[in-house]
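Student: Take this structure, written in structure tokens, and hold onto it; I'll ask about it next.
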Amino acid sequence: MIEVLEERRIDCKPAKSGNLIDVKNLHIDFNLYGGSLSIINGVSFSVVPGTTVALVGESGAGKSVISQAIMGLLPNVATITAGEILFNDPDNDEPAIDLTALDRNSTVYRQIRGGRISMIFQEPMTSLSPFHTIGNQISEALFLHRDLDKQTGNELVVEMLRICGFPEPEEAVRRYPFELSGGLRQRAMIAMALVCHPALLIADEPTTALDVSVQAQILKLMKNLQTELQMAILIITHDLGVVANIADEVVVLFHGEIMESGPSESIFNTPKHTYLRALLGAVPHFDMKPGERLIPLREIKRDHLDIKPEQSASILNADETLLSIDNLVKGFTTKSGGFFGLTKQTKVNAVDNISFQIQARESLGLVGESGCGKTTLSKLITRALRPDSGQMIFRRGDEEVDIGLANEHDLELSRSIGMVFQDPFGSLNPRMTVFDIIREPLIIHKIGDKSDHKEKVAYMMEQVGLDPRFLNRYPHSFSGGQRQRISLARSLTLNPDLLILDEPASALDVSIQAQILNLLKDMQNDFGLTYLFISHNLAVVDYIADRILVMCKGKIVESAPREVLFSNPIHHYTKSLMSAVPYADLNRKLDFKKITQTEATDPATWPKPYAFSPGQRMEMISLGDDHFVLAEPGTSQADIWEA
């Protein structure tokens with residue numbers, strides 16, 4: 001582990017007069033049962049009106065605690081023991097207010113919170129009430145802080161939704177959160193935060209759970225609204241690509257202390273602190289050389305034990321096909337209308353006539369935005385869903401099995417295909433110890449006795465870099481990265497031939513993500529594993545995959561080897577995805593002028609020969625070197641190169 005605490009703060013700017021926010025020598029303690037725990041230790045920084053300041057660091061660094069202190073939303077166990085948070089409202093000439101000295105339930109603080117300082121939270125689905133329409137929730141904030149009649153307020157809500165890029169805002173005010181996509185829910189949160197025209201917007205991980213193109217749209221929206229409303233932004237994130245594209249000033253936190261702060265140019269071009277340089281080294285990027293590894297802050301220490309023959313995943317050679325998918329289709333029927341109107345049914349193919357193969361011991365990446373069909377495909381392969389048509393031929397030893405027709409009680413097939421889920425905490429039973437969690441597959445499949453289970457579970461714990469002495473602990477005792485390693489150990493207990501990884505690192509910090517990705521590469525080499533790696537993070541897929549499929553609206557639109565696809569994308573959609581990737585490099589900023597809200601994900605608007613409508617027949621056109629692009633039937637290579 002890097003001894004970051006040996007170095008102290010570097011280049012911390014002194015507070016200036018006329019700042020919107022001045023945080024001075026802030027100390028916050030949490031009063032827990034075991035005693036007092038210091039969370040924030042002497043943090044100082046400023047936010048200038050009209051600028052964007054980014055708080056950067058790993059989970060547990062104290063970023064969200066600082067934002068809660070500014071908003072007056074600290075939990076009851078938290079106490080501000082020292083320091084000041086000075087708020088200088090540009091709309092009046094009164095002296096700056098020390099927010100730490102105010103009663104957070106006072107009228108003054110309530111007027112500031114939501115009226116002059118607003119906040120966007122990380123998860124829009126849990127932050128929005130499922131029982132109220134979007135319009136009601138946005139207007140509630142407006143009526144709390146403005147003396148308006150209902151008609152004027154509703155007109156302002158519609159106008160704010162229009163400013164935030166909502167299609168048909170007059171209809172959107174009557175919709176509930178579950179009727180909106182993740183990107184539109186986040187836009188609704190932004191509209192709610194900005195409807196009162198605050199002086200400061202605090203954005204806590206506003207794009208973490210969003211696809212790369214939706215993330216780019218939200219960043220563009222925030223920059224445009226900042227200019228239009230003349231407000232400052234305090235953004236909290238661990239994504240250095242986002243920071244490089246939006247921040248003017250950067251504050252790097254570690255364990256409640258500032259390690260380095262300053263303008264974005266100095267942070268990215270001349271990073272001085274060891275911790276900051278380590279964070280930058282842990283970020284996957286498209287310029288990595290063959291064999292180059294990510295450098296996490298803390299390496300996972302594994303005992304490289306001898307791999308026994310029965311622990312090797314696949315008996316197939318690397319050039320043999322493990323899974324062959326042919327013309328696979330899975331549709332869902334949606335209903336609209338009800339009660340007094342006729343019910344209209346519409347069928348949508350989440351997986352629309354796709355075909356591809358997975359070779360033994362390869363890592364196949366699958367990328368695409370939410371709703372493109374990635375997770376539906378994984379459910380079909382694991383038999384959580386049945387296909388409408390098509391074949392999924394799986395090689396199990398010397399026999400071939402059609403997964404779609406296999407008996408649901410075929411435990412041997414279940415044993416051959418494992419899965420690691422996106423949310424490591426939600427996928428682990430909170431009432432079971434780690435030993436019982438990892439052991440459970442062995443019990444279900446009736447493999448070995450209790451002594452064999454102890455040996456196997458301890459072995460798998462060591463392989464994923466966890467101490468077997470922790471086997472009697474429960475999931476809540478572990479960090480997010482450790483819980484994901486427990487999920488990986490559970491999935492590998494049965495020595496599967498194919499392991500499906502559904503967004504296994506999207507919820508993790510950049511340094512923990514580097515740990516998990518390196519671990520996956522090491523275990524693939526050690527155990528001869530075959531991966532289907534599903535993600536919307538293109539740089540992560542580029543690092544982990546040998547070959548990559550790009551999916552949109554249920555179809556594979558492009559496939560190619562890793563070194564070919566992202567260096568020379570051909571399909572219009574792939575190029576759109578690439579143009580929306582935020583790089584942790586000031587010389588490669590996003591071009592917000594080229595980012596549109598719907599064009600990239602609407603195949604009907606794509607140029608020929610790529611455009612298609614639901615149900616339209618398309619063909620995969622070979623470009624050579626295992627590179628294929630989806631286009632209209634009869635399209636030649638020359639047509640594609642010209643397009």
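The values are calculated or read from the model by the stated rules, or taken from the named source; none is laboratory data. Everything numeric in this text was worked out from a predicted model, so none of it was measured. All Cβ positions, even for glycine, are placed from backbone atoms using ideal geometry, and neighbour counts span all protein chains on display.
Student: Sort through L184, L180, L229, L225 and tell me the only one that's under 29 Å from L538 (Cβ atoms) and assigned by TED's automatic domain parsing to the domain that holds G50.
Tutor: Numbers: L184 fails: assigned by TED's automatic domain parsing to the domain that holds G50; L180 fails: assigned by TED's automatic domain parsing to the domain that holds G50; L229 fails: under 29 Å from L538 (Cβ atoms).
Being under 29 Å from L538 (Cβ atoms) and assigned by TED's automatic domain parsing to the domain that holds G50 holds for just one of L184, L180, L229, L225, which is L225.
Student: Next question. Criterion first (out of contact with any Leu (no Cβ under 6 Å at 6 or more places or on another chain), small (G, A, S) and crowded, with 20+ Cβ neighbours inside 10 Å) does A244 satisfy it? Working first, answer last.
Tutor: Working: out of contact with any Leu (no Cβ under 6 Å at 6 or more places or on another chain): no; small (G, A, S): yes; crowded, with 20+ Cβ neighbours inside 10 Å: yes.
No, not satisfied.
Student: Any residue that is at positive phi and either of a type in the set (K, R) or without any contact (Cβ under 8 Å) to a residue 40 or more places away in the chain (or both) - is there at least one of those in the stretch 24-40? Spell out the reasoning first.
Tutor: Keep residues of the stretch 24-40 that are at positive phi, which gives 25, 35.
From what's left, either of a type in the set (K, R) or without any contact (Cβ under 8 Å) to a residue 40 or more places away in the chain (or both): 35.
Yes - at least one qualifying residue is present in the stretch 24-40.
Student: Looking at R185, R175, which one is modelled with pLDDT under 85, under 30 Å from E503 (Cα atoms), surrounded by fewer than 23 Cβ atoms within 10 Å (Cβ to Cβ) and touching a helix residue (DSSP H, G or I) at 6+ places or on another chain (Cβ under 6 Å)?
Tutor: Numbers: R175 fails: modelled with pLDDT under 85.
Answer to the check: R185.
Student: Taking the stretch 525-548 as the region of interest, how many residues are within 21 Å of L322 (Cα to Cα) and modelled with pLDDT of 90 or more?
Tutor: Of the residues in the stretch 525-548, 12 are within 21 Å of L322 (Cα to Cα) and modelled with pLDDT of 90 or more.
Student: Next question, about the same structure. Just to confirm my filter: which strands (runs of 3 or more DSSP E) fall fully inside the stretch 36-142 and include at least 2 residues that are surrounded by fewer than 21 Cβ atoms within 10 Å (Cβ to Cβ)?
Tutor: Working: elements: 52-56, 78-87, 117-120.
Result: 78-87.
Student: Just to be sure I understand, how many residues within the stretch 144-161 are surrounded by fewer than 16 Cβ atoms within 10 Å (Cβ to Cβ) and part of a helix (DSSP H, G or I)? Before you say what the answer is, go through the steps one by one.
Tutor: Within the stretch 144-161, the subset surrounded by fewer than 16 Cβ atoms within 10 Å (Cβ to Cβ) is 144, 146-152, 155, 159.
Still in the running and part of a helix (DSSP H, G or I): 144, 150-152, 155, 159.
Residues in the stretch 144-161 being surrounded by fewer than 16 Cβ atoms within 10 Å (Cβ to Cβ) and part of a helix (DSSP H, G or I): 6 in total.
Student: I need every pair where a residue in the stretch 527-554 that is under 30 Å from Y459 (Cα atoms) has its Cβ under 6 Å from the Cβ of a residue that is of a type in the set (K, R) and in a loop (DSSP other than H, G, I, E, B), sequence separation at least 6 or different chains.
Tutor: G528/R361; T530/R361
Student: Here is a further query. Taking the stretch 599-629 only, how many residues are in a loop (DSSP other than H, G, I, E, B), of a type in the set (A, V, I, L, M, F, W, C) and touching a residue at least 40 places away in the same chain (Cβ under 8 Å)?
Tutor: Restricting attention to the stretch 599-629, the residues satisfying the condition of being in a loop (DSSP other than H, G, I, E, B) are 602, 606-618, 623-627.
Filter once more, keeping what is of a type in the set (A, V, I, L, M, F, W, C): 606, 611-612, 618, 623.
Next, only the ones that are touching a residue at least 40 places away in the same chain (Cβ under 8 Å) stay: 612, 618, 623.
Residues flagged as in a loop (DSSP other than H, G, I, E, B), of a type in the set (A, V, I, L, M, F, W, C) and touching a residue at least 40 places away in the same chain (Cβ under 8 Å) within the stretch 599-629 amount to 3.
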